[in-house]
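Below is one structure, written out as structure tokens; the observations come after it.
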Amino acid sequence: MATAVIDLLTAFDAGPTPVADLSAKVLSAIHACRYEPGMALVTAGVASDLDAPKELTRLALAQLTEDGVLVRAGSRTTVALSGSRPFPAPEDLAARIREQIAQGIYPAGVNMPGLNELARRLNTVQPRIAEAQRLLEADGLLLRQRRRGPAVLEPARSLTPPDRLPLPDPPARRIPLHAVQMSASAATIRWHRRVYLPPTEVNLHWRSLREVGAQLLDTPFPTRIPSGARARVNAQATRAMEALCAPLPDGILPALWHTACLSTALRDLLPPSGSGRRL
């Protein structure tokens, strides 16, 4: 504590931004969507991002919490939603599912997966998936059915395919299985914690995960597997390829979510223990 006070006094002697001005900088970053609603702000991360002393940043975040700009819950400080819907909103989810229909992931005539499975794949919760499906039903893309998932009505050729990136090349050196698992798990954790990361770091994580995905798709699958299992593996590979070729969206939270969805698709491709499949 004494060290922190000395650091703070030293910072004031050097003439940096006072608490009020630093609070204004954080508020400006929120208004510019640099720190987005629902995002968790860690003192060390914000201090580094704004090139400010940690203790001064702590005081600024505390002031903004008192003002209601930030919300404190346990050990987490997040940007208040201010009436906006948490990301991803049903509109974002509907747009993502529409892209997947356009890419043929869900062909016309098939039933959509259950709410629980879709929520897992898209790293969200079931009520938002249900609302997204209602939006797609209103657009005439899905047909609600009793006791089963909605049916896809619109064939892929009638939708405008979204922009796609080329499939990345596999890495020059094989990535060990434990590193693949850690990389995929970390992407999901970063999204669910909503911790601020600089855009360059988010982009770096996404590129790293694309290399992981390219290696997974380049890994041979066992030749002797039941036809049902083969169909499931082919569907998982198709979903992973679609996620790999989807461009990274603008904004830190959308990019974190996009990377987490890619992570989920890749984790489905990971060989189960004892399968004998090697990376």
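The values are calculated or read from the model by the stated rules, or taken from the named source; none is laboratory data. Every value quoted in this text rests on a predicted model; they were computed, and no experiment measured them. Virtual Cβ from ideal backbone geometry, glycine too; neighbours counted across all protein chains shown. With ligands, DNA and RNA removed, areas are computed over all heavy atoms of the protein, side chains included. Shrake-Rupley method; radii C 1.70, N 1.55, O 1.52, S 1.80 Å.
General observations
- Using 0.36 nm per residue and subtracting the Cα-Cα separation, the extra length available between N234 and E201 on full extension is 8.7 nm.
- 1.4 Å probe accessible area per residue over the stretch 100-248, in Å²: 57
- Approximate spin-label separation L167-A186, in nm, with each point projected 7 Å along Cα-to-Cβ: 2.6
- Computed over the chain: relative contact order in percent, which uses C-alpha pairs under 8 Å that are six or more apart: 20
- A Cβ-based charge dipole, computed about the Cα centre of the chain with Lys and Arg at +1 and Asp and Glu at -1, lands at about 1600 debye.
- Only Lys, Arg, Asp and Glu carry charge here, each on its Cβ (+1 for the first two, -1 for the last two); on that basis the stretch 96-150 has a dipole of about 220 debye about its Cα centre.
- Label-reachable residues, the stretch 236-250, where backbone N falls under 12 Å from a point 7 Å from L217's Cα toward its Cβ: 237-247
- Fully extending the segment from A89 to L177, taken as 0.36 nm per residue of separation minus the present Cα-Cα distance, adds 28.3 nm.
- Calculated [θ] (222 nm, deg cm²/dmol) that DSSP helices of n ≥ 4 give over the chain, each run adding -39,500 (n - 2.57): -17500 deg cm²/dmol
- Correct choice for Rg and Dmax of the Cα atoms in Å that was computed from the model, options (1) 22.2, 72; (2) 24.1, 81; (3) 20.1, 76: (1)
- Relative to the Cα centre, the charge distribution of the stretch 67-210, modelled as +1 at Lys and Arg Cβ and -1 at Asp and Glu Cβ, gives a dipole magnitude of about 500 debye.
- Percent accessible area from carbon and sulfur atoms, the stretch 70-130, protein chains only, probe 1.4 Å: 54
- With every protein chain in place, the stretch 152-255: carbon and sulfur % of accessible area (1.4 Å): 58
- Three-way shape label, the stretch 173-273, alpha-carbon gyration tensor, a/c 1.5: prolate
- Our summary gives the stretch 107-249 a relative contact order of 25 percent, counting only alpha carbon pairs under 8 angstrom and 6 or more residues apart.
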